[in-house]
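Comments concern the structure below.
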Amino acid sequence: MAKPHIYIVHGYTASVDSNWFPWLKTTLENKGITTTVLPMPESHNPNDEAWLAYLKNNITISKNTILVGHSLGCIAILKYVEQLPITQKIRGVVLVSGFAEKVDTLPELDQFNQNPTNYHDLIIKIQTRIVIASLNDEIVPYHYSERLKERLQAEYYTLQNGGHFLDRDGFSEFPLVYEQITKITN
């Protein structure tokens with residue numbers, strides 16, 4: 001089996017140097033896994049079309065691609081995979097504090113959810129689907145991730161006190177995400 005390529009898509013107001021992204025990239029690369037953290041355009045004022053175009057231009061898609069998203073990065077990933085041909089499969093997704101609907105606490109991101117998500121096609125295209133949520137996430141309350149898990153028929157992991165899995169929540173490292181990627185790659 002060919003080696004996977006991991007792409008990490010950060011969220012709203014974040015960067016490639018935020019939170020657990022640098023740690024995950026280094027940890028995976030130390031295991032010989034090619035990993036790219038994508039610097040999404042204008043993360044403080046994101047535009048859905050610009051983000052989708054950026055993903056299209058910067059991901060080399062294959063059946064060995066694994067996409068890791070955090071918060072807004074999750075819906076961006078799903079919208080990106082949704083537009084791929086139905087015959088294009090990917091190895092997996094790990095979606096952290098994810099959502100695929102309008103979020104009451106983040107109305108400025110509603111543009112990312114203007115069109116309904118085609119979960120049926122996503123399930124066909126994505127071999128392994130994993131959603132991770134925190135029960136005390138005040139930015140993307142966990143019920144959004146729980147609904148995402150149900151709609152994607154994904155494996156689901158919850159933490160009691162992860163907050164939004166930001167560095168200020170104590171997440172400069174995130175072993176659970178690494179473990180899930182390892183599971184997908186084996």
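Since every read-out is calculated from the coordinates, none of them should be taken as a lab result. Note that the structure is predicted; figures quoted are calculated from it, not measured. Neighbour counts are summed over all protein chains in view; Cβ atoms, including those assigned to glycine, are modelled from backbone coordinates with ideal geometry.
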Exercise. Taking the stretch 63-107 on its own, how many of its residues are crowded, with 23+ Cβ neighbours inside 10 Å, touching an Asp or Glu at 6+ places or on another chain (Cβ under 6 Å) and more than 17 Å from His164 (Cβ to Cβ)?
Worked result: 0
For this session: Give the stretch 107-129 a look and list any residue that's among the aliphatic types (A, V, I, L, M) and more than 17 Å from the chain's Cα centre (by Cα), or say none.
Result: Ile124
Exercise. Taking the stretch 29-63, which residues are closer than 21 Å to Arg91 by Cα and among the polar types (S, T, N, Q)?
Worked result: Asn30, Thr34, Thr35, Thr36, Asn57, Asn58, Thr60, Ser62
For this session: Filter the stretch 137-151 down to the residues that are exposed (fewer than 15 other Cβ atoms within 10 Å of the Cβ) and out of contact with any Ser or Thr (no Cβ under 9 Å at 6 or more places or on another chain), then identify the one that is farthest from Phe171 (Cα to Cα).
Result: Glu150
Problem set entry | Selection status of Asp17, surrounded by 17 or more Cβ atoms within 10 Å (Cβ to Cβ) and of a type in the set (Asp, Glu) | no
